[in-house]
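The values are calculated or read from the model by the stated rules, or taken from the named source; none is laboratory data. Bear in mind the structure is a predicted one, so any value in this text is a computation, not a measurement. Please note: Cβ atoms are built from the backbone with ideal geometry, for glycine as well, and neighbour counts cover all protein chains shown. What goes into the accessible areas is simple: the full protein's heavy atoms, side chains included, and nothing from ligands, DNA or RNA. Shrake-Rupley method; radii C 1.70, N 1.55, O 1.52, S 1.80 Å.
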Amino acid sequence: MIRWLTAGESHGECMLALIEGLPAGLAVDADFINQELSRRQQGYGRGARMGIEKDTARILSGIKNNRTLGSPVALLVPNRDCSIDDLPGFTAPRPGHADLAGMHKYDFEDGRCVLERASARETVARVAAGALCKLFLRELGITLRSRTVSVGGCTNRAAQRKRIDRARKKGDTLGGIFEVIAEHLPVGLGSYVQYDRRLDARLAAALVSIPAVKGVEFGLGFAAADRYGSQAHDRIYYQEGRGYYRRTNNAGGLEGGMTNGQPLVCRCAMKPIATLQKPLPTVDVKSKKTVPASVQRSDIAAVEAAAVVGEAMAATVLTDACLERFGQDNLKMIKKTFRQA
Ligand code: EPS
């Protein structure tokens, strides 16, 4: 089992990931981790911060000569903008952000005390941790990719850009839908025997934890609810040499909370970014008067970046499920068990 946590404030010194449970003997490709961090920074509609940062990870522990030791791996990504103590506070919580509930919960008068940790900048650490998991999965031949399905309802790339430009002009923001696909998965990751072992439940929890993600579906997802069973389920075929196979993948690679050998297809709906340059009205927590919400530097849309975070989150869950099924201690043994399964 892997256990992992992140630490770091958006404008603090750094973002950190601490991952325990990766097997010994895994080659750690630092360039790959940095490529993943760079992918997270891309996308049309990102904010000015992405021009400031050049996210690069330092591996602080858990490796010797670039191979994992089985001990906890700590990854550190410095923040170039580390002005946390100099940034102004605010008392006008942004609708849709963590500000108001966070101020109430932790007894802060200043919304910045919430913003700093609630910021989607935290996903830097998730992508770093996810990159390590991807390296592990790659050893078993399992690959992950993603794509942006839509932004603000537009599926065409040119239309998405136009929509983002229009949102920027209006001081507004957009959300969208992204898809994460994992391929070459073995049959039987996860289990039907207990609710918390179902792989779809574990993936959904991981994906919906991404800031602004409000919905997750697998395969046909919500659309399956409108179909006859005969038109929703994937027929099973068998061929000598090939084994069992399907001609459709409406289930998105999961049946009974387990992988069925088909590509895993998860789709996530992301709400529009909560920081608007032309802010919504809110209530000032000091004066209790109606005021415009606090305006912060932010993204217009970040669906492309969220898709990379989605890959990382899915990679952590799939790594966990593989370790559960094929062993935990060292890569050599895991690969051997994997081949025999
Ligand atoms: C982000 C860093 C943040 C935001 C954005 C994502 O940096 P800053 O606040 O300094 O501009 O650009 O965060 C949000 C949109 C949010 O709502 O928290 C990043 O690294 O991804």
(request) Please calculate how many Å² of accessible area the chain carries per residue, with a 1.4 Å probe and no DNA, RNA or ligand atoms counted. (result) 50 Å²
(request) Rounded to whole Hz and in sequence order, give me ³J(HN,Hα) for the range 57-63 from the Karplus expression 6.51 cos²θ - 1.76 cosθ + 1.60, θ = phi - 60°, writing x for Gly and Pro. (result) 8, 10, 9, 8, 7, x, 10
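Report relative contact order for the range 85-340 in percent, whole number only (criteria: Cα-Cα under 8 Å, sequence separation at least 6). Intermediate results must be reported in sequence, preceding the final value.
Numbers: 462 pairs, mean separation 72.9, N = 256.
Relative CO of the range 85-340 lands at 28 percent.
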(request) Compute from the Cα atoms of the range 80-162 the Rg and the Dmax, the latter being the longest Cα-Cα distance, and quote both in angstrom. (result) 18.6, 50
(message) Tell me the mean residue ellipticity at 222 nm calculated for the chain from its helices only (DSSP H runs of n ≥ 4, each -39500 (n - 2.57), averaged over every residue, nearest 500).
(response) -10000 deg cm²/dmol
(message) Checking the cross-link filter: which aspartates and glutamates have an alpha carbon closer than 17 Å to that of Lys105, excluding same-chain neighbours under 8 positions apart?
(response) Glu116, Asp284
(message) Starting from a Cα-only point model with no solvent, please compute log10 I(q)/I(0) by Debye for the range 1-160 at q = 0.15 1/Å.
(response) -0.93
(message) Cross-link candidates for Lys169: which lysines have Cα within less than 29 Å, leaving aside residues fewer than 8 places away along the same chain?
(response) Lys54, Lys214, Lys271, Lys278, Lys289
(request) Report Met1's accessible area, 1.4 Å probe, all protein chains in place, as a number in Å² to the nearest 10. (result) 110 Å²
(message) Using the Karplus curve 6.51 cos²θ - 1.76 cosθ + 1.60 with θ = phi - 60°, what ³J(HN,Hα) values do you get for each residue of the range 319-327, in whole Hz, with x for Gly and Pro?
(response) 4, 4, 5, 5, 4, 4, 8, 10, x
(request) Kindly give the semi-axes, whole Å and largest first, of the ellipsoid equivalent to the chain, taking each as the square root of 5 times a Cα gyration tensor eigenvalue. (result) 36, 26, 17
(message) Going by amide H atoms built from the backbone, whose H comes under 5 Å of the H on Leu60, apart from near neighbours?
(response) Ala74, Leu75, Leu76
(request) Within the range 177-250, list the chymotrypsin sites (Phe, Trp or Tyr not before Pro) lying in a DSSP loop whose Cβ has at most 16 other Cβ atoms in a 10 Å radius. (result) Tyr192, Tyr228
(message) Relative contact order for the range 1-113: what percent, with Cα pairs under 8 Å and sequence separation of 6 or more?
(response) 28 percent
(message) With a 10 Å cut-off between alpha carbons and a GNM built on the chain, which of Ile210, Ile300, Ile52 moves the most?
(response) Ile52
(message) Please enumerate, by chain and number, the aspartates and glutamates with C-alpha under 12 Å from the C-alpha of Lys332, excluding those fewer than 8 residues away in the same chain.
(response) Glu139
(message) Nearest 10 degrees is fine. How inclined is helix 199-208 to the longest principal axis of the chain, computing both from alpha carbons?
(response) 20 degrees
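Restricting to DSSP loop positions (anything but H, G, I, E, B) with no more than 12 other Cβ atoms inside 10 Å of their own Cβ, which GluC sites (Glu not before Pro) remain in the range 1-84?
Values: sites: Glu9, Glu13, Glu20, Glu36, Glu53; in loops: Glu9, Glu13, Glu53.
Passing both the DSSP loop test and the Cβ count: Glu13.
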(request) Per residue of the range 98-115, in order, report the coupling 6.51 cos²θ - 1.76 cosθ + 1.60 (Karplus, θ = phi - 60°) as ³J(HN,Hα) in whole Hz, putting x for Gly and Pro. (result) 6, 3, 5, 5, x, 5, 5, 4, 9, 6, 10, 8, 10, x, 4, 5, 8, 3
(request) Tell me the trypsin sites (Lys or Arg not before Pro) within the range 1-55 that lie in a loop according to DSSP and have at most 16 other beta-carbon atoms within 10 Å. (result) Lys54
(message) Under the rule of at least 5 residues apart or a separate chain, name every residue whose amide H is placed under 5 Å from the amide H of Ala24.
(response) Gly70, Asn330, Leu331
